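> There's a structure below that I have some questions on.
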């Protein structure tokens, strides 16, 4: 298998524009009101509001062609705080190698 470009980047070169939207497969709880459209909101098993995910596990607000958030300006607080290039971001990026096989 060849190398996966987004996994080979130094921390300084990581950006959302060269990522495979790794964070868009995480469960996102809605803990503040940012204006997320209702069509993207689901209720979890405990009654909490979460971002709706499609059957394949990706966030419903993700544009599959561009791999960009369609509601970026009103994205949930957790999405706003998920720091690009942070250890958590790098862990998620590293876990995406199975998608490219």
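The values are calculated or read from the model by the stated rules, or taken from the named source; none is laboratory data. Bear in mind the structure is a predicted one, so any value in this text is a computation, not a measurement. FYI the Cβ positions are ideal-geometry reconstructions off the backbone, even for glycines, and counts take in every protein chain you see.
> Which count do you get for residues in region 1-50 that are closer than 19 Å to residue 80 by Cα, at pLDDT 90 or above and part of a helix (DSSP H, G or I)?
2
Quick grid of which residues meet (1) outside any strand (DSSP E or B); (2) buried (at least 16 other Cβ atoms within 10 Å of the Cβ); (3) at pLDDT 85 or above; (4) on the phi < 0 side of the Ramachandran plot:
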site: 57; (1), (2), (3), (4): yes, no, yes, no
site: 65; (1), (2), (3), (4): yes, no, yes, yes
site: 78; (1), (2), (3), (4): yes, yes, yes, yes
site: 83; (1), (2), (3), (4): yes, no, no, yes
site: 93; (1), (2), (3), (4): yes, yes, no, yes
site: 98; (1), (2), (3), (4): yes, no, no, yes
